[in-house]
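For reference, the structure discussed in these notes is given below.
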Amino acid sequence: MDHKTNTTLLFSLLFFITYLITIETSKDLCNQNDKNTLLKIKKSLNNPYHLASWHPETDCCSWYCLECGDATVNHRVISLTIFAGQISGQIPPEVGDLPYLQSLMFHRITNITGQIPSTITKLKYLRSLRLSWLNLTGPVPEFLSQLMNLEYLSLSFNQLSGSIPSSLALLPKLSYVDLSRNKLTGTIPESFGSFPAELAYLILSHNQLSGSIPKSLGNLDFNRIDFSRNKFTGDASMLFGANKTTFSIDLSRNIFQFDLSRVVLHESLGVLDLNHNGITGSIPVQWTEYSLQILNVSYNRLCGPIPTGGSLQRFDSYTYFHNKCLCGAPLDSSCK
């Protein structure tokens, strides 16, 4: 037997041994309890084609929509992400039987209906919960306040109704809340001004929320606030300040009333939308010092000249029109 043949045989043998080890290892990776739970979830969702890779004879850690952890958690399932599939039904209560889950996402599946299952409270390691662009009904559940490791919560684009539970403010790590595009009513809870973590994102737009903004929200330094398209009234000036590092504030299409003359911005503010409110006063001269990327103060009750300089003339007349007596460029009306 020549040297070339020997080498070929050796490589073939090594490949075969590696293949056997891979099969043996892959058999062991998936936890049997997790696999059984996942197969129940698949059945509960009527065995959709989207989950065709979920086959009982294969290693569940290789299945689509899943991620297993490393050896430190014995390769248990830590992430379940079901996204944009042709799936009908409700969120299976069995999701609560994946005890090591850190991230749970059902997203862009409009035929998912029903309420948020209470079994989610069993997920003690859950850090991210995204149930968005579905057709969920019922309330934003009080029981979410039991998820002590939750950092990210998005329930946007659903049909959720009722009020926002004040108990969400008990979550020690929560920094992102998006409840936009639902049918929520009532006010922003007073407790939202005392989140233990830094609540960087609070997105409540496109609901039917009303009342005034809790003054306590002035204690927080958000990255982004979006309260647009609700029925909020009163003063929202506590959301601004020279010490706030907020990048984006959208308060448009509400019934806010406060004096804009007194509003001081931080240089970090890039997006400010106040259109369609009842805001009075004038645009402060200091605003010429900021490099705003997006600005809209139209449809209010502002008066006086638009200060010249900075970025304020970069915007077109649509930024400023339909006010009581604003004047100066870029509006057609000159100041007398």
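The values are calculated or read from the model by the stated rules, or taken from the named source; none is laboratory data. Just so you know, these numbers come straight off a predicted model, no measurement behind them. Here Cβ is always computed from backbone atoms with ideal geometry, including for glycine, and neighbour counts include all displayed protein chains. Surface accessibility is based on the protein's heavy atoms, side chains included, excluding ligands, DNA and RNA. Shrake-Rupley method; radii C 1.70, N 1.55, O 1.52, S 1.80 Å.
Taking a cut-off of 16 Å between Cα atoms, list the aspartates and glutamates near K231, but don't count ones fewer than 8 places away on the same chain. Cross-link targets: D250, D273. Helix 32-44 axis versus longest C-alpha principal axis of the chain: approximately 60°, rounded to the nearest ten.
Once the Cβ-Cβ distance between N223 and E57 is put in as r, and R0 is 56 Å, what FRET efficiency do you end up with, to the nearest 0.05?
0.75
For the chain, what is the accessible area per residue in Å² when the probe is 1.4 Å?
Numbers: 16300 Å² over 336 residues.
Computed with neighbouring chains in place, this is 49 Å² per residue.
I need the shape label for the chain. Rule: rounded when a/c is under 1.5, else prolate if a/b > b/c, else oblate, with a, b, c from the alpha carbon gyration tensor.
Details: a/c = 2.96, a/b = 2.10, b/c = 1.41.
The shape class here is prolate.
Of all DSSP beta bridges located in the chain, what percent are antiparallel, nearest 5? Once the DSSP bridges in the chain are tallied, antiparallel ones form about 5 percent. Split the accessible area of the chain by element, probe 1.4 Å, and carbon with sulfur accounts for 53%. Here the spin labels are modelled as points 7 Å beyond Cα on the Cα-Cβ line, and at Q115 and T187 they lie 2.6 nm apart. Cysteines in the chain lacking any other cysteine Cβ under 4.7 Å from their own Cβ: C65.
Mind checking the angle between helix 3-29 and the chain's longest principal axis? C-alpha axes, 0 to 90 degrees, to the nearest 10. Helix 3-29 sits roughly 60 degrees off the main axis of the chain. Extending 7 Å from the Cα toward the beta-carbon at both R108 and K173 defines two label points whose distance is 2.7 nm. Each distinct pair of alpha carbons in the stretch 154-298 adds a 1/r term; the inverse of their mean, the Kirkwood radius, is 15.4 Å.
Around G85, what is the net charge, scoring Lys/Arg as +1 and Asp/Glu as -1 over all other residues with Cβ under 12 Å from its Cβ? Write down the numbers at each step before the final one.
Working: positive: K42, R108; negative: none.
It works out to a net charge of +2.
Tally Lys/Arg at +1 and Asp/Glu at -1 over every other residue whose Cβ is under 12 Å from the Cβ of S282; what's the total? After counting each charged neighbour, the total is +2.
Helical content alone sets the calculated 222 nm signal of the chain at -4000 deg cm²/dmol, taking -39,500 (n - 2.57) per DSSP H segment of four or more residues and averaging over every residue. The heavy atoms of E267 present about 140 square angstrom of accessible area, all protein chains included, probe 1.4 Å.
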